[in-house]
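Read-outs throughout are calculated quantities, based only on the coordinates presented, and are distinct from any laboratory measurement. Just so you know, these numbers come straight off a predicted model, no measurement behind them. With ideal geometry, Cβ positions are generated from the backbone for all residues, glycine too; neighbour counts draw on all protein chains shown.
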Amino acid sequence: MSISNDVVSLLVERIWDSSALSHPRIELLKLKGFTPRINAGTTARMEEEVVDLETYLKEAGVWHRFADKPETIHTADASRATGIELSRITKNLVCKTSDGHYALLVVPGNRRVNLQRAAQVLNTRNIQLLGFNEAEAISGYPPGGTPSVNHKTAMSVVIEKDLLGNETIFCGGGSRDRILELRTEDVLRLTHAVAADISDK
């Protein structure tokens, strides 16, 4: 049985508003050919019901690979535990802009994020990294397990442009004892990320 865009729109318009256009559930509908109308409302309930990471990837038809590892928080430890090159394991840093918006900065594990350049890309005065507890509340994942896609709260995503030279990159697998490999182009497509120079060697 086929479902029209109008029917889908009627089902979602009460819980999705324009501030949630990059939310994972809307992205899944777009991938399946739907373009729901978004009316003003609240995203609170949807944010509380984040789609399971593995389910999200399967439903989106995205190539991916999970691997188990010892629990780690820092990318250097994850690299040592897995043998994966540190430059291909990403830091996924949850931030808040001076305008009150949330953003995810994705940088190679062997580099330091440059918040000043990231703020310029996001056209805001400054950016502040969130502490572990607040970052987990916003992303839906513990630091060390934060993936580059499918977050609890809709965020602007900025990815270090040098990562685009890798066919695949690694990120948190939803928990501190798993790592996730994704195609770089899929990360860009699913998150509508902006690629820019936001890290220092």
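A cut-off of 5 Å between modelled amide H atoms, ignoring neighbours fewer than 5 places along the same chain, links S148 with G172. Label positions at D200 and Q120, each projected 7 Å from the Cα along the C-beta direction, are separated by 1.4 nm. A simple rule links phi to the HN-Hα coupling: the Karplus curve 6.51 cos²θ - 1.76 cosθ + 1.60 with θ = phi - 60°, which for the range 163-170 gives 5, 5, x, 9, 5, 10, 9, 10 Hz, with x for Gly and Pro.
Couplings 3J(HN,Hα) for the range 90-97, derived from phi with the Karplus relation 6.51 cos²θ - 1.76 cosθ + 1.60 (θ = phi - 60°), are 9, 8, 10, 9, 8, 10, 10, 7 Hz, where x marks Gly and Pro. Around N110, under 10 Å between beta carbons, what's the net of Lys plus Arg minus Asp minus Glu among the other residues? Neighbour charge sum, excluding N110 itself: +4. Of the trypsin sites (Lys or Arg not before Pro) found in the range 93-200, those that fall in a DSSP loop while having at most 14 other beta-carbon atoms within 10 Å are R125.
Under 5 Å between amide hydrogens, which residues at least 5 positions from T168 or on another chain qualify, with H placed 1.01 Å from N in the peptide plane? Correct list: T184. In loop segments of the range 126-176 as defined by DSSP, the GluC sites (Glu not before Pro) with at most 11 further C-beta atoms inside 10 Å of their C-beta are E167. Around T124, under 13 Å between beta carbons, what's the net of Lys plus Arg minus Asp minus Glu among the other residues? Neighbour charge sum, excluding T124 itself: +2. Summarising the amide proton neighbourhood of V194: residues at separation of 5 or more, or on other chains, whose placed amide H is nearer than 5 Å comprise V157, V158, I159. Using the Cβ of D177 as centre and a radius below 9 Å, the other residues enclosed give a net charge of +1, where K and R count +1 and D and E count -1.
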